[in-house]
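Below is one structure, written out as structure tokens, with a few remarks after it.
The values are calculated or read from the model by the stated rules, or taken from the named source; none is laboratory data. As the structure is a computational prediction, the values presented were derived from the model and not from experiment. Backbone-built Cβ (ideal geometry, glycine too); neighbour counts: all protein chains shown. Side chains are part of the model used for accessible areas, which takes the heavy atoms of the whole protein and leaves out ligands, DNA and RNA. Shrake-Rupley method; radii C 1.70, N 1.55, O 1.52, S 1.80 Å.
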Amino acid sequence: MSAPNKQYDPVEVAVLSPEEVTGMRDAALAAIAAAGDLDELKAARLAHAGDRSPLALANAEIGALPPEARAEAGKRVGTARREVTQALATRQEVLAAQRDQWALVEEAVDVTLPWDRAPRGARHPVTTIAERLADVFVGMGYEIAEGPEVEAEWYNFDALNFPPDHPAREMQDTFFVAGPDGAGQSGVVMRTHTSPVQIRAMLTRPLPLYVVSPGKCFRSDALDATHSPIFHQIECLAVDEGLTMADLRGAINAFVEAMFGEGLRTRLRPDFFPFTEPSADVSMECHICRGASTRPGGEPCRVCRSQGWIEIAGCGMVNPKVLVACGIDPDRYSGFAFGLGIERSLMIRHGVTDIRDTLEGDVRFSRAFGMEV
Ligand code: FA5
């Protein structure tokens, strides 16, 4: 600020002359008009209406004028500053409206565009069913046990009481990865069932033992509507003191209710597996017709072919020879096991007529089972 000016001398405060003030105002109005967006307007505001702007500095000079000159100069500067403030407000409004308009156009979302160009996948029903079944058994105190898909022949066959020349080895139609080395080393196979996990569990876990083993299996079966060279099984094994066929039956019933619905009856008929004795095949009452198709006048049933029963699993009491092979005393302990194909169960449960639908990885198939995670 200049020193107090007793004699009014317009030269000493030239910034307050009408020409100077008008020039400052015009420069400010020009800069405001030239601002093309809100950022430029902000810069113009700082330069022409900020604390260090020419008009603000001129305003500060008013105090240096003799009292009689202050009113006129104050009015001049005040008017110029008001015009600038007004111009800023008007321009602010225009530019803000322009920005909003631009955003509406540029950031518009076309809600009519298709939303499913990159659809999310769905978990495969074989996975969700295997997990649901395993959960049912975990809820009853079982533990999940897993084993390798490329398995030693000893675990897949020998320890399960398949003699070397037993026709069952062929019956299982095995993919061999490596033959025996002739020096006593077991051959290597793609496991043909989940039963070798029984052996691994019995050899490594403490007794009593309750395990459930879902997993992938391989057989050199030709691909057709009901067979696949790669499929899944789930298997239950219990070894404890005093287990009987009644316990096996209870576990099977729990499985059938979890998978197919409550109140379905089960039926065991004699069968043969080298690793269980006695062995049985498990059938359940048809969950669609509940046996009505077998009664006089009943509608035919496609699912059970009007038999009233559907075969679903193999089962039995663990063969004492298998217990011995795993170092378990068969006089003290007994065990039961059952196993079944997950794809086949899925087909029965949902009326899928071709197993190939479960293999092709078409998400439209998986989606039909819901987006369970
Ligand atoms: C076994 O594999 C026995 N390990 C089951 C078992 C476990 C018996 C425990 C006793 C105690 P099996 O060979 O029957 O049994 O096969 C069981 C199920 O696997 C069949 O019922 C079927 O559902 C399924 N399965 C077998 N081969 C195929 C295949 N090529 N494609 C799809 N599913 C198959």
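Per-structure values
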item: First in segment 341-366 and in contact (Cβ under 8 Å) with a residue 24 or more places away in the chain and away from the ligand (no atom under 13 Å from the Cβ), second anywhere and among the aromatic types (Phe, Trp, Tyr) and open to solvent by less than 60 Å² (accessible area, probe 1.4 Å), Cβ under 9 Å, 6 or more apart; result: His350/Phe369
item: Sole residue being open to solvent by 40 Å² or more (accessible area, probe 1.4 Å), within 16 Å of the ligand (Cβ to nearest atom) and free of Cβ contacts under 8 Å to residues at least 60 places away in the same chain, chosen from Arg295, Arg267; result: Arg267
item: Residue within segment 75-83 that is assigned to a helix (DSSP H, G or I), open to solvent by 90 Å² or more (accessible area, probe 1.4 Å), free of Cβ contacts under 8 Å to residues at least 60 places away in the same chain and not assigned by TED's automatic domain parsing to the domain that holds Gly50 present; result: no
item: Any hit, segment 324-331, residues being assigned to a helix (DSSP H, G or I), open to solvent by less than 60 Å² (accessible area, probe 1.4 Å) and within 18 Å of Glu241 (Cα to Cα); result: yes
item: Hey, Gly182 outside any helix (DSSP H, G or I), among the small types (Gly, Ala, Ser) and open to solvent by less than 70 Å² (accessible area, probe 1.4 Å) or not; result: no
item: Residue list for segment 348-373, restricted to those being touching a strand residue (DSSP E or B) at 6+ places or on another chain (Cβ under 9 Å) and open to solvent by less than 50 Å² (accessible area, probe 1.4 Å); result: Ile348, Ile355, Thr358
item: Long-range neighbours under 8 Å by Cβ, at least six apart or interchain, first residue within 22 Å of Ala47 (Cα to Cα) within segment 85-111, second charged (D, E, K, R) and outside any helix (DSSP H, G or I); result: Leu95/Asp37
